[in-house]
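Data first, discussion second: the structure below is written as structure tokens.
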Amino acid sequence: MSVHKEISKHSNMQNQLVQQFMKLDEQREKAIDEAVQLCSEGKPFTTDHINQVTNEINTLARRGVVPQRKLVTTEMVEEYVARLK
């Protein structure tokens with residue numbers, strides 16, 4: 001019975017990590033969309049919020065359940081916006 005409890009505990013922990021990842025990934029995508037919008041309008045923008053969330057995601061990823069994400073530079077956003085035109 002204790003093995004079952006340990007497996008359940010492990011599974012619940014993994015599920016919590018995945019749920020956290022999904023929320024953070026959604027925040028990251030929203031921050032990216034905002035930066036892209038500002039850049040496409042020629043307004044100043046930073047990638048600070050994107051990378052702050054990315055660092056949180058990568059901290060979770062070190063626990064082995066969720067994927068890592070790359071940090072985003074302003075040049076990456078500018079190149080993406082240029083390709084959209």
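The values are calculated or read from the model by the stated rules, or taken from the named source; none is laboratory data. Worth saying up front: this structure is predicted, and the values here are computed from it rather than measured. A quick note on method: Cβ atoms are made from the backbone with ideal geometry, for glycine too, and the neighbour counts reach across all protein chains shown. Heads up: the accessible areas ignore ligands, DNA and RNA and are worked out on the full protein's heavy atoms, side chains in. Shrake-Rupley method; radii C 1.70, N 1.55, O 1.52, S 1.80 Å.
All conditions in (1) surrounded by 11 or more Cβ atoms within 10 Å (Cβ to Cβ); (2) not in a loop (DSSP other than H, G, I, E, B) hold for residue 68, with the sole exception of (2). How many of the residues making up segment 15-44 are open to solvent by less than 40 Å² (accessible area, probe 1.4 Å) and part of a loop (DSSP other than H, G, I, E, B)? Of the residues in segment 15-44, 0 are open to solvent by less than 40 Å² (accessible area, probe 1.4 Å) and part of a loop (DSSP other than H, G, I, E, B).
Candidates in segment 45-60 are the residues that are polar (S, T, N, Q), more than 10 Å from the chain's Cα centre (by Cα) and under 24 Å from residue 79 (Cα atoms); of these, the one that is surrounded by the fewest Cβ atoms within 10 Å (Cβ to Cβ) is 46. Looking across segment 39-70, just one residue is basic (Lys, Arg) and more than 30 Å from residue 11 (Cα to Cα), and that is 43.
Flag: residue 63 matches the condition of being within 16 Å of the chain's Cα centre (by Cα), in a loop (DSSP other than H, G, I, E, B), more than 18 Å from residue 26 (Cα to Cα) and basic (Lys, Arg).
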